[in-house]
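The values are calculated or read from the model by the stated rules, or taken from the named source; none is laboratory data. It should be emphasised that the depicted structure is a prediction, and the values quoted were computed from it without experimental measurement. Cβ atoms come from the backbone with ideal geometry, glycine included; neighbour counts cover every protein chain shown. For accessibility, only protein heavy atoms count, side chains too; no ligands or nucleic acids. Shrake-Rupley method; radii C 1.70, N 1.55, O 1.52, S 1.80 Å.
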Amino acid sequence: MTRAGAEPVSLVPATMISLKSTGRWRAATLARLHRRVRRWNSTATVAHPAGGHLPSVATSSFLRTTRDSALRTAGIHWTDEQESGSSDSLIAGRETRKMNMYQAVRDALSNAMMRDDTAVVFGEDVAFGGVFRCTMGLAEEFGRERVFNTPLSEQGIAGFGIGIAAMGQTAIAEIQFADYIFPAFDQIVNEAAKYRYRSYGQFDAGSLTIRCPSMAVGHGGHYHSQSPEGFFMGAAGIKVVIPRSPTQAKGLLLASIRDPNPVIFMEPKILYRSAVEQVPVGDYQLPLSKAETLIRGSDLTVLSWGTPIYHCETALHMLANPSDKLSSHVPSSVRGAKVELIDLRTILPWDVDTVAESVNRTGRLVVVHEAGRVGGVGAEIGAEIQRRCFLKLNAPVKLITGWDMPVPMQFEKFYMPDSLRILDGIIEALTY
């Protein structure tokens, strides 16, 4: 048995101890154990809080942990009634339930299938819950004719989804990891995205939604931690959506399933269990192609989506209240800066108006994403904002991204744009 900071302790049976020829061995062993117990107790008394002194995903202020805050989520649209009257009357009698993100995804799928008899869920291993348990129990709830496994063929999954969507059914496909979506690239970009255009509106695959776990998890490496959203930026005809939390995931997924265009719905896999909220139990949607401003500011705009949203929140806390070790690196002149933080949510087509309006007010933009910089979403956003806001910019658009290399297995933490890199980029933009 071992403890952190202590040398291994061997658990020796009493019968073996009795075989020792002298009592010296027993005395020395007891003394060592006594010193270790005293050492463990001393470290326990000075341990820092489990979550540290900075916000993390679990303690983020962006998570809606009360019923009232969940039911008043910005832009929420209840699908069971017309939005009329006061907000109090709209949420009266509605309930929430504590869910993590994979449970919220599962709840959205159940809502979609309950309201739409043509909806089917399919993919690798989805019939028994999927590798992340997002489809747990759906086969038992709706039958194996509507929730079923497919062969290990991403191209086949996408092609099958396009076919049944074109025939009028609601197709909800799962690609087991976003890293595996590339064999389906031709079907998505050349067929699903173009079907309505090339048939002059006679046919479409608009009822196709492709779910896929995305982004880094800390040890997934080059085949399980990629963020491939940037590869679809030039594919006119599809939408790409990435949620940041359980409430967002449920509302955006239901909106994606019911949108008249094919949607790629990328779920940050590390948030499946780490992000927990009170989520409305009823059926609701959140608007696609509409960014959400999480923090209002006037000196700089930070734009991100998915997991890095929480790293940005941590960086903003470090900017305002740097630790002793960081204080020499954070100029006092920027500690009071009012930074605006925006969650883009829909990557394609992205909300240009909200971002441009913010940058025209703040004069600075920092874009944060996990994918590499070259050819990434941030590069496209930076080019468009540079064009629209050029005369209002006080500093060049700053991109803080993953490095332009495969996601490394052992050093994945150093690949991702963490709070320190984001803090450094914010200071650079503010002091330009």
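Which loop-located GluC sites (Glu not before Pro) does segment 85-147 contain, where loop means any DSSP state but H, G, I, E or B and the Cβ has at most 13 other Cβ atoms within 10 Å? Here the sparse-neighbourhood loop sites are Glu95, Glu145. Solvent-accessible area of segment 227-324 (1.4 angstrom probe, protein heavy atoms only): carbon and sulfur portion equals 54 percent. Placing +1 on the Cβ of every Lys and Arg and -1 on the Cβ of every Asp and Glu, with no other charges, gives segment 225-284 a dipole of roughly 80 debye about its Cα centre.
One quarter of the surface of the convex hull around the alpha-carbon atoms of the chain equals 28.0 nm², the direction-averaged projected area. Rounded to the nearest 20 debye, the dipole size of segment 189-315 about its Cα centre is 240 debye, using +1 on the Cβ of Lys and Arg and -1 on the Cβ of Asp and Glu. Here the accessible area of segment 384-432 is 60 percent carbon and sulfur, with a 1.4 angstrom probe and all protein chains present. Computed over segment 296-432, the quotient of the alpha carbon radius of gyration and 2.2 N^0.38 Å is 1.01. Each Lys and Arg contributes +1 and each Asp and Glu -1, all at the Cβ; summed about the Cα centre of the chain, the dipole is approximately 2240 debye. With K and R counted +1 and D and E -1, the other residues having a Cβ less than 14 Å from that of Asp186 yield a net charge of -1. Segment 269-324 and segment 178-232 have their alpha-carbon centroids 24 Å apart.
Gyration tensor over the Cα atoms of segment 114-153: the corresponding equivalent ellipsoid has semi-axes (square roots of 5 times the eigenvalues, largest first) of 16, 12, 8 Å. Expressed as a whole percentage, what fraction of the accessible surface of segment 84-182 belongs to carbon and sulfur atoms when a 1.4 Å probe is rolled over the protein heavy atoms? Exposed carbon and sulfur together represent 53 percent of the surface. Structure note, pairs Lys194/Lys290; Lys239/Lys269; Lys98/Lys338; Lys250/Lys392; Lys98/Lys290: Cα-Cα distances above 28 angstrom occur for Lys98/Lys338; Lys250/Lys392. A 1.4 Å probe run over segment 345-432, with the rest of the protein chains in place, finds 47 Å² accessible per residue.
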